[in-house]
1. Amide H neighbours of residue 388 under 5 Å, at least 5 residues apart or on other chains, H built in the peptide plane: list them.
2. Roughly speaking, what is the stretch gain from residue 346 to residue 586, that is 0.36 nm per residue apart minus the C-alpha to C-alpha distance, in nm to one decimal?
3. Percent of Cα-Cα pairs more than 25 Å apart in the range 301-402, please.
4. Using θ = phi - 60° and the Karplus form 6.51 cos²θ - 1.76 cosθ + 1.60, what ³J(HN,Hα) does each residue of the range 107-112 get, whole Hz, x for Gly and Pro?
5. Once you have a ≥ b ≥ c as the square roots of the Cα gyration tensor eigenvalues for the range 346-392, tell me rounded if a/c is under 1.5, and otherwise prolate or oblate according to whether a/b is larger than b/c.
6. Tell me, 468, 582, 87 in order of fewest to most beta-carbon neighbours within 10 Å?
7. Which value, in Å³ per residue, describes the convex hull spanned by the Cα atoms of the range 407-590?
8. Largest first and to the nearest Å, give the Cα extent of the range 367-510 along each principal axis.
Amino acid sequence: MLITVRGELVEIPSLTDIKQSGKGVVREGWVMLKEEKVKYLPWTKKWLVLSHNSISIYKNSKSDTAQWTILLKDIEKVERSKSRTFCFRVKSKTYQSTTVFQALEISVSNNMDCYEWMDAISARILSNKVSGPMDPKHEVHVGVDNHGKYIGLPKEWSILLRSSSAYTHDFLEEPKSVIQAFDGYNEECSYQKNSPETENQVEMKGSIIQYRSPVFSPSAMSDEASLHNSDSTTATSSYDDGDQLTLNYHVSKKISKNSSETSLGSSNESNALVFSANNKIQPVPSIPNKNDVASNAKLTEKQAMEILKVSVTPKDPNLIFSIKHKLGQGASGSVYLAKVKAGNQVYKDELVAVKSMDLHFQNRKELILNEITVMRESFHPNIVSFLDAFLIKDRHLWVIMEYMNAGSLTNIIQQHKLTEEHVARICLEICKGIQHLHARNVIHRDIKSDNVLLDKQGNIKITDFGFCARLMDRSHKRVTMVGTPYWMAPEIIKQQKYGTKVDIWSLGIMIIEMLENEPPYLREDPIKALYMIAKTGAPSLKKPELVSKELHSFLNSCLNSETIFRATAAELLNHTFLRRACSPKSLIPLISFDSVKPHNH
Ligand SMILES: Nc1ncnc2c1ncn2[C@@H]1O[C@H](COP(=O)(O)OP(=O)(O)OP(=O)(O)O)[C@@H](O)[C@H]1O
């Protein structure tokens, strides 16, 4: 079908075409909708279909011809709306032409459905803004010529380096260190395109530049919606209040070592980092091999799904929990605050945190298994407890965790000046959690303030086990480059064999965060930060004179480039500095602020 959009003829495929095309339907279901400006028009029930490049409105699920199609590239933003319960607004870019609507209000059956529609549309809007190359292949061999210049750098790396302050005399003086940091990125390139997340990224064996999925602020509704048929979920859920939602794009660049390892079933390890918009970097998970996860087998996607299916509780979580609002957005999904519905005796807490992941958009399902397995097995007062997991329609995985009602240590660091007694308490609790993991030969690999959560009683716990690795035994070492660059130990960056002590280095960096509000080199480009860590080793404090001897000594025990001289968690627990720890109660003034405001990006 041809329609006119801003004077241009645009071909709109029929629903049969969309379904038969390789990309297919991303999401479809019944909605109530109306055009915002046209007040007198009633809400009408329509069949909404999201494809990779458009949203189409059909009379019902059997109609083949769209009544209306909106190209995603014409959408300016997606935000929560208070016009109706479980409602969101799709706002088009302002055009002169009257052929394009200004804003569509879409109401669905429950809060989660609303978020999932918004997330799905937003991810697609982003992927329509950034399109990656299709299927190029080439060999990349990086080297240094006689004049000290790089030769053979992948184009993406050149761009990154050129746009990076790292491409200055520092790097030009020591290109070998740069190459050492990038070592392993020199294999055959391949590009992947298959999910909102991967579609937003150019991926090759040497690097992935990823534009991360949009992040929403939390929900804004007030009462239970009347249920109308939605294909997306069948049960109702109730929610509490919240604020207006707006859509933001968090752009991130992701770098991984071996994209071949991203294919499921590979037992190799991957080097993966996400460079996020605020110059923080998040890791892209490595494919677990036989030492990761509990499983000793190479997992295909199908096998991972089979294991997931038997690992979850076979119930509809919507009948047990009501979603209140969004707490935050992670790389693999969104985290919501949820209330356990009345009459449920299974969960002792009234409030829980729900991490919801759309498996359709997860091409590394083993990592989710990794997270669930380690959390489930790591029951400890300093590790966020796993409570349950559910799978909705074999697609939406809900991981239920204990709710940490004071948010992350990052929030606290940003709002308060911590005393050494506070720092000692936090280190003591985190060391206990790390020791518990290390005693089980588990390396967390992503210790940082973002992954330390607190509650209002002053309890401190480690979370985010997506990147952890299990060693065969304590003498076993790994080489995978996983972590968040600013917190990464030099041996990981240099691709040397490493063990549990990488977590101790990251703890040292987290102490610097607590003292100076941010880790060293945060203001540098991630690539330069990697280089600086590899080159400099232990970073210096900005104002060492303000720090006690005990804390200096503790920090030095963590931040020793020579791993044999770096302390173990057990050794740190005996360090005199930790004897200065304040009581958990003394942390309460730090968390009395509204630290867990609904997610508001
Ligand atoms: N148990 C919890 N209680 C309270 N807030 C939580 C809990 N778990 C996560 N959050 C919050 O939700 C947000 C996203 O968490 P998540 O673990 O998904 O983030 P991430 O580590 O960035 O993502 P990913 O694990 O997908 O890479 C964070 O801001 C975190 O503080």
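Quick note: the coordinates plus some simple rules give every number you see, no bench work behind them. This is a predicted model, so every value here is computed, not measured. Please note: Cβ atoms are built from the backbone with ideal geometry, for glycine as well, and neighbour counts cover all protein chains shown.
1. 400
2. 83.2 nm
3. Tail of P(r) above 25 Å: 14 percent of Cα pairs.
4. Karplus values, whole Hz, x for Gly and Pro: 10, 10, 7, 7, 4, 5.
5. Oblate, because a/c is 1.5 or more while a/b does not exceed b/c.
6. Arranged by neighbour count, lowest to highest, 468, 582, 87 become 582, 87, 468.
7. Once divided by residue count, the hull of the range 407-590 is 108 Å³.
8. 43, 38, 24
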